[in-house]
Amino acid sequence: MEKQYKAIGEEAWKNNAEKISAELFIFTYGSLVVQLVKDYEDYAAVNKQLDKMGYNIGVRLVDDMMARTSLERCSGFSATAEVIAKIGFKLFLNVVPTVTNWSADAKEFSLILDDNPFNDFCELPPKAVADGLWYSNVLCGVLRGALEMMQMQTEVVYVRDVLRGDEVSEIRVKLVRMLDEEVPASDD
């Protein structure tokens, strides 16, 4: 199934994705982070805002991904992890992180990004690193929002980042609970 997901991701990237200039995207994101730092003057608040923005993006991106790929609902948390890595990341960022470091109860995993496009052309000042800025924290929010739309409440955090001197970037995803599908209230 893993190879099938990779093929679906490659196909969606080649045929269905409207693309923008990577440099434009990266510089626009960098400008957004700089503005948030100026506005909030507190890196914890910036991290929170990036997560919130990402969450709002994620709840919409999952529908877009499902429409472009015609995928059925995933059978479980591990299949969802593979779909996120091999299709979602490929479709929207043209990278495929490695799904690894599963917990014994299979409720936590890591996404290892050897190449994070958000980090291109970026260098964090030592004070930002020391004070806890997670530059690509928007990705945590995107994952959390997308997973919630797939009926999974999660906690998503960065644990390592190349911009902080680590060899790779690592995002840890923990399943808190499966959500019940809610039927919208009628207008009667």
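The values are calculated or read from the model by the stated rules, or taken from the named source; none is laboratory data. Just so we're clear, the structure is a prediction, and the values are computed from it rather than from any experiment. Positions of Cβ are backbone-derived with ideal geometry, glycine not excepted, and every protein chain shown enters the neighbour counts. Note: areas computed on protein heavy atoms with side chains; ligands, DNA, RNA excluded. Shrake-Rupley method; radii C 1.70, N 1.55, O 1.52, S 1.80 Å.
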Completion exercise
Taking region 91-100 and keeping only residues that are in contact (Cβ under 8 Å) with a residue 40 or more places away in the chain and closer than 14 Å to residue 169 by Cα, one is left with 96, 97
Practice task
Considering (1) crowded, with 18+ Cβ neighbours inside 10 Å; (2) of a type outside the set (Gly, Ala, Ser); (3) farther than 15 Å from residue 81 by Cβ, say which one residue 147 fails and leave the rest.
Solution key: (3)
Fill in the blank from the handout: Residues of region 33-85 being open to solvent by less than 20 Å² (accessible area, probe 1.4 Å), touching a Gly at 6+ places or on another chain (Cβ under 9 Å) and small (Gly, Ala, Ser), in sequence order, are 54, 58, 85
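Can residue 129 be described as within 30 Å of residue 38 (Cβ to Cβ), among the aliphatic types (A, V, I, L, M), touching a residue at least 24 places away in the same chain (Cβ under 8 Å) and out of contact with any Phe, Trp or Tyr (no Cβ under 8 Å at 6 or more places or on another chain)? Walk me through how you get there before you give the answer.
Numbers: within 30 Å of residue 38 (Cβ to Cβ): yes; among the aliphatic types (A, V, I, L, M): yes; touching a residue at least 24 places away in the same chain (Cβ under 8 Å): yes; out of contact with any Phe, Trp or Tyr (no Cβ under 8 Å at 6 or more places or on another chain): yes.
Answer is yes for this residue.
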Practice task
State all residues of region 132-146 that are within 15 Å of residue 49 (Cβ to Cβ) and out of contact with any strand residue (DSSP E or B) (no Cβ under 6 Å at 6 or more places or on another chain); if no residue qualifies, say none.
Solution key: 132, 133, 135, 136, 137, 138, 139, 141, 142, 145
Problem - Residues that are over 18 Å from the mean Cα position of the chain (by Cα) and in a loop (DSSP other than H, G, I, E, B), drawn from region 36-75 - result: 41, 42, 70, 71, 72, 73, 75
Handout entry: Where a residue in region 34-58 is touching a residue at least 40 places away in the same chain (Cβ under 8 Å) and among the aromatic types (Phe, Trp, Tyr) and its partner, wherever it lies, is outside any helix (DSSP H, G or I) and surrounded by 15 or more Cβ atoms within 10 Å (Cβ to Cβ), with Cβ under 8 Å and at least six apart
Key = 43/133
Practice task
Kindly list, by first and then second residue, each pair from a residue in region 152-177 that is surrounded by 15 or more Cβ atoms within 10 Å (Cβ to Cβ) to a residue that is acidic (Asp, Glu), limited to pairs with Cβ atoms under 6 Å and residues at least 6 apart or on different chains.
Solution key: 160/166; 160/170; 168/114; 169/161
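If you check residue 88 against the conditions, is it surrounded by 12 or more Cβ atoms within 10 Å (Cβ to Cβ), farther than 18 Å from residue 30 by Cα and of a type outside the set (A, V, I, L, M)?
Values: surrounded by 12 or more Cβ atoms within 10 Å (Cβ to Cβ): yes; farther than 18 Å from residue 30 by Cα: yes; of a type outside the set (A, V, I, L, M): yes.
Yes; evaluated as a whole, the condition is true for this residue.
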Handout entry: helices (runs of 4 or more DSSP H) wholly inside region 89-188 containing at least 2 residues that are among the aliphatic types (A, V, I, L, M) and either in contact with a Ser or Thr (Cβ under 8 Å, 6 or more places away or on another chain) or on the phi > 0 side of the Ramachandran plot (or both)
Key = 138-149
